[in-house]
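Visitor: Provided herewith is a single structure, encoded as structure tokens, for subsequent inquiry.
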Amino acid sequence: MAITTQQLMQWKQQGRPIVALTAWDYTSAQLLDKAGVDLILVGDSLAVILGYETTLPITLEEMLHHAKAVRRGVNRALMVVDLPFLTYQESLQQAMHSAGRVLKETGAQAVKLEGGYPAMASTVAQLVQAGIPVMGHVGLTPQSVHQIGLRQQGKTPEAETRILEEAIALEQAGAFSIVLEHIPAQLALQITQKLSIPTIGIGAGPHCDGQVLVTADLLGLSERQPPFAKSYANLRETITQAVQSYAIEVREHKFPYNVET
Ligand code: KIV
């Protein structure tokens, strides 16, 4: 049965951790979904898969194209799509238009956007009122890389308070869940205890209601990865070895094998 936003809420209440990963095409989505991942995010980290340095250049059209492919591979998981940089910050009308396109054109169940209090919380409230489920994202928000870098956030008492307030404002605005990225574990614990909606951590310690990783990092496909990521495989090496073996066999006339067709 397909997972809903309400199901995530129940899992928080039951203390059942939520497993989330990113996907970027039909094949990756199908593998993740069949492996039992609960939430599949078409994150704007897709930008890196497409060869961009940061998440800033990726367009809504690129996100829609990949999200449609992901949708074709997902049966069970809740599917969420990131709204890319400057497709929701300009005005409420712009946010509504972008989020509406994501839901109408891709079949995803929800959108995610970065930032909190006060501006983003009011946008979230309007989207939710229009029937669009929204996931928040606070702490390290990579779309603000040129303001805050890629450093851990929430390290001073003031920054801690601000992130906590942002999370509370997003919950009050009606967000169904919040990503906490690269903040101290104690702050993530405090937010997780304070909120009734599930927190999904990435580089935010073990106390969140769920965890998310960028799948390219998990698989060892990324050229660079953040310090908090963990690779469960080394696909860069596996793929390189497979391609080199193929090249050797072609050059040595060993592939295709000498079989009459
Ligand atoms: O874009 C992305 O992959 C994300 C995750 C880091 C949560 O937002």
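The values are calculated or read from the model by the stated rules, or taken from the named source; none is laboratory data. In this text the structure is predicted, and so the values were computed from the model without any measurement. Every residue, glycine as well, gets a Cβ built from its backbone with ideal geometry; the counts of neighbours run over all protein chains shown. We work out accessible area using only protein heavy atoms, side chains counted, and drop any ligands, DNA or RNA first. Shrake-Rupley method; radii C 1.70, N 1.55, O 1.52, S 1.80 Å.
Visitor: Residue under question is Asp209, and the condition is that it be at pLDDT 95 or above, closer than 29 Å to Glu53 by Cα, crowded, with 20+ Cβ neighbours inside 10 Å and of a type outside the set (Val, Ile, Thr); does it hold?
Guide: no
Visitor: Take the residues of region 61-77 that are open to solvent by 10 Å² or more (accessible area, probe 1.4 Å) and within 14 Å of the ligand (Cβ to nearest atom): which is nearest to Gly149 (Cα to Cα)?
Guide: Glu62
Visitor: Taking region 101-131 only, how many residues are over 23 Å from Pro142 (Cα atoms) and open to solvent by less than 20 Å² (accessible area, probe 1.4 Å)?
Guide: 1
Visitor: For Ile58, indicate whether it is touching a Leu at 6+ places or on another chain (Cβ under 7 Å), near the ligand (Cβ under 10 Å from one of its atoms) and open to solvent by less than 60 Å² (accessible area, probe 1.4 Å).
Guide: Answer is yes for this residue.
Visitor: Limited to region 1-39, what total is found for residues that are over 23 Å from His207 (Cβ atoms), among the hydrophobic types (A, V, I, L, M, F, W, C) and either in contact with a Phe, Trp or Tyr (Cβ under 9 Å, 6 or more places away or on another chain) or without any contact (Cβ under 8 Å) to a residue 60 or more places away in the chain (or both)?
Guide: Total meeting the criteria: 3.
Visitor: Also, I was wondering about something else. Could you please tell me which pairs satisfy a Cβ distance under 6 Å, a separation of 6+ or placement on different chains, a first residue in region 98-114 that is part of a loop (DSSP other than H, G, I, E, B), and a second residue that is more than 16 Å from the ligand (Cβ to nearest atom) and open to solvent by 50 Å² or more (accessible area, probe 1.4 Å)?
Guide: Matching pairs, first to second residue: Gly107/Arg71.
Visitor: While we're on this one: Scan region 1-26 residue by residue and report those that are open to solvent by less than 80 Å² (accessible area, probe 1.4 Å) and in a helix (DSSP H, G or I).
Guide: Result: Thr5, Gln7, Leu8, Met9, Trp11, Lys12.
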